[in-house]
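Worksheet: one structure, shown below.
The values are calculated or read from the model by the stated rules, or taken from the named source; none is laboratory data. In this text, all values refer to a predicted model and were calculated from it rather than measured experimentally. Cβ: placed from backbone, ideal geometry, glycine included. Neighbour counts: every protein chain shown. Keep in mind that these areas ignore ligands, DNA and RNA; they rest on the heavy atoms of the full protein, side chains included. Shrake-Rupley method; radii C 1.70, N 1.55, O 1.52, S 1.80 Å.
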Amino acid sequence: MEKSITLNIPQDLSDDEWEKISEIYRSMDGWVEGTNFPYWYGTEHEDKYISVSYEPSGLLFTGKVNDDLWVGWLTQMCAKLSVALKREIHDATM
């Protein structure tokens, strides 16, 4: 079953902040090198994947992974983004 969450990342980030986000993407477990979009563990054509896109409401993560991996992975992503961007990053619907 596909899951999704939108994180509260504003559109007006500096180039430096976007570079920090890119570095965090590459540091996360499961990073898939050489794709056109950020993916972890595989692409949406595979049985297991996490991907991200930027939407007006924030960073939209979607994935098809088990619940434990989803929660743990996103907890780590939010923690790293919060430290790098010096603001609390969480579910945008909170």
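Restricting the GluC sites (Glu not before Pro) of region 9-94 to loop positions (DSSP other than H, G, I, E, B) with no more than 12 neighbouring Cβ atoms within 10 Å leaves Glu33, Glu46, Glu88. When the P(r) is computed for region 5-45, the part past 12 Å accounts for 66% of the Cα-Cα pairs. Applied to region 71-76, the Karplus parametrisation 6.51 cos²θ - 1.76 cosθ + 1.60 on θ = phi - 60° returns per-residue 3J(HN,Hα) values of 5, x, 5, 5, 4, 5 Hz, with x for Gly and Pro. Once the mean 1/r over all distinct Cα pairs of region 20-63 is inverted, what Kirkwood radius in angstroms do you read off? Final number for the Kirkwood radius of region 20-63 is 10.8 Å.
Restricting the calculation to Cα atoms, the chain shows an Rg/Rh of 0.93 when the hydrodynamic-style radius is the Kirkwood one.
Split the chain at each of the trypsin sites (Lys or Arg not before Pro) in a DSSP loop with at most 14 other beta carbon atoms within 10 Å, and the longest piece is 1-47. Listed by chain and number, the lysines whose C-alpha is less than 19 Å from the C-alpha of Lys3, apart from same-chain residues fewer than 8 away, are Lys48, Lys64.
Summarised in one figure, the compactness ratio Rg/Rh of region 43-94, Cα atoms and Kirkwood Rh, is 0.99. Counting only protein heavy atoms and a probe of 1.4 Å, the accessible surface of the chain is 51% carbon and sulfur.
Surface analysis of the chain yields an accessible area of 60 Å² per residue, using protein heavy atoms and a 1.4 Å probe.
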